[in-house]
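Some notes on the structure that comes next.
The values are calculated or read from the model by the stated rules, or taken from the named source; none is laboratory data. Note that this is a predicted model, so its numbers are computed, not measured. Here the Cβ positions follow ideal geometry from the backbone for every residue, glycine too, while neighbour counts run over all protein chains shown. In case anyone asks, the SASA skips ligands and DNA or RNA and just uses the protein heavy atoms, side chains included. Shrake-Rupley method; radii C 1.70, N 1.55, O 1.52, S 1.80 Å.
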Amino acid sequence: MDALDRVIKPKTKRAKRFLEKREPKLSENIKNAMLIKGGNANITVTQVLKDVYALKKPYGVLYKKKNITRPFEDQTSLEFFSKKSDCSLFMFGSHNKKRPNNLVIGRMYDYHVLDMIELGVEKFVSLKDIKNSKCPEGTKPMLIFAGDAFDATEDYRRLKSLLIDFFRGPTVSNIRLAGLEYVLHFTALNGKIYFRSYKLQLKKSGCRTPRIELEEMGPSLDLVVRRTHLASDDLYKLSMKMPKALKPKKKKNISHDTFGTTYGRIHMQKQDLSKLQTRKMKGLKKRPAERITEDQEKKSKKMKRN
């Protein structure tokens, strides 16, 4: 049995709290990302990992030592690091003659690799090279995806889902206008993915809504998709399954239309319309002949009962 798979009994209260944080929950913790450097990573790949780590702080772990591993051939080391550092996202950087400036981005499910996509860096501009003010640590970004290619093929659809998972940060209930500080823009065009980062500047516009200007902040990458390792549809569906406790309870007799209008259905007993009070009009008065027939019907009913 693996040392990390065996049941560990805590000896101190601190260890008990640490293990409780890693237990399965209805509302999971914020997804952390680990950034791993391969055994033959060059300066470009190392700087890309550092810049992505700067965007991910404090929800990331950067491994500074080189790790000789190949994710598409052997995934045991990635799964080991995932369990050790409690990270469900990873980015692995490497460089060789066949695949220069290589990045592998992926995610885990139950400490096993769910899916990963290999990207090649064709052009890179670092955070240091763009001399502008940067955003503070832990700022939640806005994500923009441009290009029909993100919805064209399954590889690009999974890549979009993977990038959202990687960069979205914590889930928040309320948004403050001043808290919208930077944008991550992904454009899919002509078989390439252009990754840009912009800082948001709110200027005076003379009205209540401010005028927005974008200033490039860095990093800037031109990426191309190389290899993919995608989970099967059944496993992917299982990983997206929501617990029953979190599913909203369906309210009976309430429906909504396409415009969001709420309709309610009320169940009432059957009404006797003969006793309904109507407006008294001469035209609604019964004629003498009708009264006579009604009286005769009532008398015949009484006779039958007797």
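Condition check: farther than 30 Å from SER27 by Cβ, open to solvent by 100 Å² or more (accessible area, probe 1.4 Å) and modelled with pLDDT under 80. Does ARG287 satisfy that? Considered against the rule, which asks whether it is farther than 30 Å from SER27 by Cβ, open to solvent by 100 Å² or more (accessible area, probe 1.4 Å) and modelled with pLDDT under 80, ARG287 comes out as yes.
Matching residues to (1) out of contact with any helix residue (DSSP H, G or I) (no Cβ under 6 Å at 6 or more places or on another chain); (2) small (Gly, Ala, Ser); (3) within 17 Å of THR228 (Cβ to Cβ):
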| position | (1), (2), (3) |
| --- | --- |
| SER85 | yes, yes, no |
| ASN101 | no, no, no |
| VAL104 | yes, no, yes |
| VAL113 | yes, no, yes |
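Applying a threshold of 6 Å to beta carbon distances and a minimum spacing of six or more residues, or different chains, the list of pairs starting in region 145-167 at a residue that is under 22 Å from PHE92 (Cβ atoms) and ending at one that is part of a helix (DSSP H, G or I) reads TYR156/ALA149; TYR156/PHE150; LYS160/PHE150.
Residues of region 161-168 include at least one that is of a type in the set (Lys, Arg) and out of contact with any helix residue (DSSP H, G or I) (no Cβ under 9 Å at 6 or more places or on another chain). Residues that are basic (Lys, Arg) and over 20 Å from the mean Cα position of the chain (by Cα) were ranked within region 152-203; the one that is modelled with the lowest pLDDT is LYS203. Taking the criterion of being of a type outside the set (Val, Ile, Thr), within 30 Å of VAL52 (Cα to Cα) and part of a loop (DSSP other than H, G, I, E, B), would at least one residue in region 242-255 satisfy it? So far as region 242-255 goes, yes, one or more of its residues are of a type outside the set (Val, Ile, Thr), within 30 Å of VAL52 (Cα to Cα) and part of a loop (DSSP other than H, G, I, E, B).
Going through region 32-86 one residue at a time, which ones are buried (at least 18 other Cβ atoms within 10 Å of the Cβ), in contact with a Phe, Trp or Tyr (Cβ under 7 Å, 6 or more places away or on another chain) and assigned to a loop (DSSP other than H, G, I, E, B)? Within region 32-86, just PRO71 meets the criteria.
Going by the structure shown, is GLU20 at pLDDT below 85, part of a helix (DSSP H, G or I) and closer than 30 Å to LYS247 by Cα? Yes, satisfied. Among the residues of region 189-198, which ones are crowded, with 19+ Cβ neighbours inside 10 Å and charged (D, E, K, R)? ARG196, the sole residue that qualifies.
Scanning region 203-235 for residues that are open to solvent by less than 50 Å² (accessible area, probe 1.4 Å) and closer than 30 Å to LEU103 by Cα yields a count of 10.
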